[in-house]
Amino acid sequence: MVTTNKTFPESASPKTILVTGASGQLGVELVYNLRQKYGSNQVLATDIGENTLLKEKGPFEWLDVLDKKRLSELISHYQIVEIYHLAAILSANGEKNISLAWRLNMNGLLNVLETARELQVQRVFWPSTIAVFGPDAPRKNTPQDVPLHPTTVYGISKVAGEHWCAYYNRRFGVDVRSIRYPGLIGYRSQPGGGTTDYAVDLFYSAIKGKPFVSPVDRNTRLPMMYMDDAVKAAYDIMNADSDQIRIRTGYNVGAMSFTPKELADAVKQIIPSFEIQYVPDERDQIAANWPDSLDDSAAREDWGWNPKFGLEFMVSDIIANLSDVFSSSREN
Ligand code: SER
């Protein structure tokens, strides 16, 4: 039984949205933006960890996505019509606990797909990743359709998940949509155990005036995306007409690509005293099997994907915003 002291409108609007993993790196940003668009009360944030900001600004409920009963109760209670299912364990953390990563990533998705089928949720968004690719995929401009031989549990769970999404769509008509995100970089929330998160950590060191030790080698190039583009990609694919979504596994989406050295050089343009050292660890091994860049022409053609932000803008925007955050926290 769901008990809540939040009042939700009696006649819920046709866009009543559930976000799982809402306290995570993408979740915090997505909830913020969806609430701006649809109204605070329309977007139910859920997670196993609380986030004060999410809770203050709209409905928040505790939800472990492995608990299918509670998931169903929340969907019914809040009259949910769309789900953004983000709860997952990312690549680097997944290698530290492979059975939990498999269980959470796989069973969480199956619970969402099955509940969406049972309760006729209109649309589901589920992020896939560049981690679906392995060492035998072409590295540059990696095509949409290549053999997928992932080298991490996270990647294996996402390849399997892509096929479960296509299966639920084909067999039961569940309107689930997915994109293969590159590394996501934002400043409003802390990164969550991914290989590409070195890029976020680098900014925090730079702002604090500390040297950064990069776990990814200087010339390891990875596809990346600024958080505002990541939110836009999710929003755009979820709001495309159903017949525009020809691919029901996961769409490649690209935005920019850089190496740790190129990122550090861009940061040094603004913070000349910034220092970086390279001490590659297992995250560099993971990154070595991922693409440099992605061919995202299918996403562009099918539902109009069009990223807005490149490296230079992202670096100056993050530094400006993080500097404000740190200077106001020093003043308080
Ligand atoms: N950002 C993810 C990770 O590094 C890849 O999609 O795990």
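The values are calculated or read from the model by the stated rules, or taken from the named source; none is laboratory data. Everything numeric here is computed off the predicted structure, so don't read it as measured data. In this analysis, Cβ positions are derived from the backbone assuming ideal geometry, glycine residues included, and neighbour counts consider all displayed protein chains.
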Exercise for the section: Of the conditions (1) in a helix (DSSP H, G or I); (2) crowded, with 20+ Cβ neighbours inside 10 Å; (3) more than 12 Å from the ligand (Cβ to nearest atom), residue 131 clears all except one; give me its number. Expected result: (3)
Problem - Hits in the range 168-193 - residues which are crowded, with 23+ Cβ neighbours inside 10 Å and at pLDDT below 95 - result: none
Exercise for the section: Please go through the range 31-55 and pick out each residue that is out of contact with any Asp or Glu (no Cβ under 6 Å at 6 or more places or on another chain) and assigned to a strand (DSSP E or B). Expected result: 43, 44, 45, 47
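State the number of residues belonging to the range 199-227 that are in contact with a Pro (Cβ under 6 Å, 6 or more places away or on another chain), under 26 Å from residue 143 (Cβ atoms) and not in a loop (DSSP other than H, G, I, E, B). Full working, then the answer.
Within the range 199-227, the first condition is being in contact with a Pro (Cβ under 6 Å, 6 or more places away or on another chain), and the residues that meet it are 200, 214, 216-218, 223-225.
Pick out the ones that are also under 26 Å from residue 143 (Cβ atoms) and you get 216-217, 223-225.
Restricting the remaining residues to those that are not in a loop (DSSP other than H, G, I, E, B) gives 223-225.
Counting residues in the range 199-227 that are in contact with a Pro (Cβ under 6 Å, 6 or more places away or on another chain), under 26 Å from residue 143 (Cβ atoms) and not in a loop (DSSP other than H, G, I, E, B) gives 3.
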Exercise for the section: Using the structure shown, decide if residue 286 is hydrophobic (A, V, I, L, M, F, W, C), within 15 Å of the ligand (Cβ to nearest atom) and in a helix (DSSP H, G or I). Expected result: yes
Exercise for the section: Might you check whether a residue that is among the small types (Gly, Ala, Ser), at pLDDT 95 or above and crowded, with 20+ Cβ neighbours inside 10 Å occurs anywhere in the range 278-298? Expected result: yes
Practice task
Can you confirm whether the range 313-320 contains a residue that is more than 16 Å from the ligand (Cβ to nearest atom), out of contact with any Cys (no Cβ under 8 Å at 6 or more places or on another chain) and more than 29 Å from residue 206 (Cβ to Cβ)?
Solution key: no
Fill in the blank from the handout: Note: among 239, 219, just one is more than 16 Å from the ligand (Cβ to nearest atom), touching a Lys or Arg at 6+ places or on another chain (Cβ under 7 Å), modelled with pLDDT of 95 or more and not aliphatic (A, V, I, L, M), namely 219
Exercise for the section: Being within 16 Å of the ligand (Cβ to nearest atom) and hydrophobic (A, V, I, L, M, F, W, C) is the filter; apply it to the range 116-128 and report the residue that is surrounded by the fewest Cβ atoms within 10 Å (Cβ to Cβ). Expected result: 125
Practice task
List every residue pair whose Cβ atoms lie under 7 Å apart, where the two residues are 6 or more positions apart in sequence or sit on different chains, the first residue falls within the range 79-99 and is under 14 Å from residue 25 (Cα atoms), and the second residue, located anywhere, is assigned to a loop (DSSP other than H, G, I, E, B) and more than 12 Å from the ligand (Cβ to nearest atom).
Solution key: 85/126; 86/21; 87/21; 87/65; 88/21
Exercise for the section: Return the pairs, sorted by first residue and then second, in which the second residue is modelled with pLDDT of 95 or more and of a type in the set (Asp, Glu), the first residue lies in the range 138-165 and is closer than 14 Å to residue 107 by Cα and away from the ligand (no atom under 13 Å from the Cβ), the beta carbons are less than 8 Å apart, and the residues are 6+ apart or on different chains. Expected result: none
Fill in the blank from the handout: Among helices (runs of 4 or more DSSP H) entirely inside the range 56-123, those with 3 or more residues being touching an Asp or Glu at 6+ places or on another chain (Cβ under 9 Å) and over 28 Å from residue 152 (Cα atoms) are 68-77
Fill in the blank from the handout: Scanning the range 166-192 for residues that are in a loop (DSSP other than H, G, I, E, B), away from the ligand (no atom under 13 Å from the Cβ) and either in contact with a Pro (Cβ under 7 Å, 6 or more places away or on another chain) or not aromatic (Phe, Trp, Tyr) (or both) gives 173, 174, 175, 188, 189, 190
